[in-house]
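Accompanying notes for the structure given below.
Read-outs throughout are calculated quantities, based only on the coordinates presented, and are distinct from any laboratory measurement. Everything quoted here is computed from the prediction, not taken from an experiment. Cβ placement follows ideal geometry from the backbone for every residue including glycine, while neighbour counts extend to all protein chains displayed.
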Amino acid sequence: MSKITITCLKCACQARIAERQFCGDICCEQCGQLVFQPVLEKADNDLHSELCSYCNTRIDPDKIKSHNDSCDMYPITCNSCNRKFIRRTINMHAQECFRNVCWCKFYPIGCQFQGSPAEVENHESGNFHAELVIKLFLNLQTEQLNSASMMARSSFELMSLKDDNARGKSSAGVERNECCSQMKAEQDKLEETVKRQEIEINSCKEQIIDFQVKQTKLMAQNTQLEYNYGSVKELLDQQSKEIEKLKKSLEFQVEYSNKKLEKDSDVLRLKQNEFELNYANFKEMLTKQQTEQFDNVENYEKTLNTVITANNQLTKSVAEDKKMLSDKIDALSEKQMGFEDEYARDKDKMDKTCDELRKKLDDSNKHSSFSHIWRIDKFAQRQADAKSGRKRYVLSDPFYISELGYKMQLGLWPTGWNDEEGTHLSIDLIVMEGENDAILKWPVKYTGQISILDQVNRKQHHSAIIDSHVDQWNYAVQESKFIGLDQLKPFYLVDDTIIIKLELQIPN
C-alpha cells in the first residue's frame, strides 16, 4: 500500500498517510492545523508533490535534496561563529562576523592589524602603511647594493680563477670547468635576485605614490571642512547679533512707551491741579462777593430782588459747572485707570510675544535639518495607471520642514519621465507657496538626499544626493534616473509598497 508524506505549514510536522485515506479534511496530529482539504481538480498533482519546509514551495519528492542545495531560505552554519543563517544572508554575515578574523594585506611588511573582513577593508583604505612601505623600500635598496657588491666580488674571483686556470692547463682542467659552472650558476642566481628586488622596489614606489595622493586628498578635505566650519560660525555670530539688535529695539520701544505714559500722566495731573486751584479761587471770589452784598444790603434794597435773582442764577450755574467739572474729573480718572489697565495688558502681551518670537527663533536655529517619510502602497496599480495614461504622476501630501519653515511636496513618476520612461523610477522635490514665505529667505538653498528604503536588510538603502537653489514657487528638482525598475525587487518593493525618505539640510 503506497503512502504519501504531508508536511504541516505551521509546525513543520510530517505525517505519512495512505492514499485510500484521502477522503476528507486532514489535520496535523501535533498542533491541530488544517493540513489538507480535498480538491477534485488538484488531487492527483498534490498527491505526487511536497512543500519545501523552508520556502513553502511545492516540489517533486525526488528533487527535494537538489532544491535544498539552492534554496534561499535553507539554514547554513557559519564556519567561524557556528551560528545559523539563511543562504540569502550568509555572505553578508561573513563580512561582519566577529570571529571571521583576517589579517591586513600589508602583514608581510610588518602590519599587525586583524579583524573582520569589513574592518580590514576600512583599515586598508586608511593612510597607515606609508612608513612600513618606506622602510621596506630602504631595506630593498640596501639588499640590492649588497647583491651588487657580492656580484662584483664574484666576477673578480671568476677572473682570478680564469687566470689561475690558464697557468695550470694540464693539472686542473676538470676543477676549472666545475668552478666556472658553479660561479656561473651563482652569478645567474644573483642576477635573478637583483631583478626580483627591482620589481619589488618599483611596486613599493607605486604604493608610496598612491599613499601620497590619498594624503593630499585628505588634507584638501580637511581644509574644506575648516572653511565650512568658519562659514557656519560666522553665520551663527551674525544671527546672534541680529537677535541682540531685535532685543535692544524691543527694550527701547517698551522704555519709550513707559516714558510717554508717565509724561501723559504728569500733564493730566497738572491740569487737574490747575482746575482745582481755579475752582478754589472762583469759590473764594464768590464768597467775597456774597459778603459784600450782605454788607451793602441796606444800600441796595431797591436792587435786592434783582441781585438775589442773579445770585440764584449764578449759584445754579456754578453748581452745574461744578457738577460738569466733577463728571469730567471722574471720566478722566476712569480713562486713566482704563489706560493703565490697557497698558498693563499690552505690556504682558508684548512680553509674551517677545518670548514666543525668541522661542521660535531658537527652534528655527536648532532644527536646521529635516526628514520626511513617504509610504507609497498599491505600486503595481499605480504603474498600470501610468502606463495606460490615466495617472502618470503621483503626489505626496504637502508638508512643512518646520513650524515656520518652507512648504514642500514630493512627486513620483512610477514608470519614469521623458527618456527614462519604462526603465527608471523618477522622483521630484517641489517647493510650494506657503504661509511663512513672507518671513523666510529667498532664494532657498538646501542640500540632502532622497532614499528608497531597503525593507529586507534595513541597510542597503538606495540614495540620490540633491543640492539646489530655488527662487520661485512650484519649482521641481528632479532625479529622472533615481533607480532602475528592475532593481526594485526584492529589497525595495515589498508587499506592493515602497518607502521614500527625504533628508534635508538648510543652512541657518
Neighbourhood charge, 14 Å Cβ-Cβ cut-off, centred on Asn474 and excluding it, Lys, Arg +1 and Asp, Glu -1: -3
When each of Lys259/Lys335; Lys387/Lys501; Lys248/Lys349 is checked by Cα-Cα distance, pairs over 23 Å: Lys387/Lys501
Ser49, Ser149 arranged by Cβ crowding within 10 Å, fewest neighbours leading: Ser149, Ser49
Tail weight of P(r) past 21 Å, computed on alpha-carbon pairs of the stretch 367-505, percent: 42 percent
Length-normalised contact order of the stretch 367-505 in % [C-alpha pairs under 8 Å, at least 6 apart]: 31 percent
Trypsin sites (Lys or Arg not before Pro) restricted to the stretch 275-315 and DSSP loop, no more than 12 other C-beta within 10 Å: Lys302
Under 20 Å from the Val101 label point (7 Å along Cα→beta-carbon), backbone N, the stretch 108-140: 108-124
Packing-based order for 395-401, 304-310, using average beta carbon neighbours within 10 Å, highest first: 395-401, 304-310
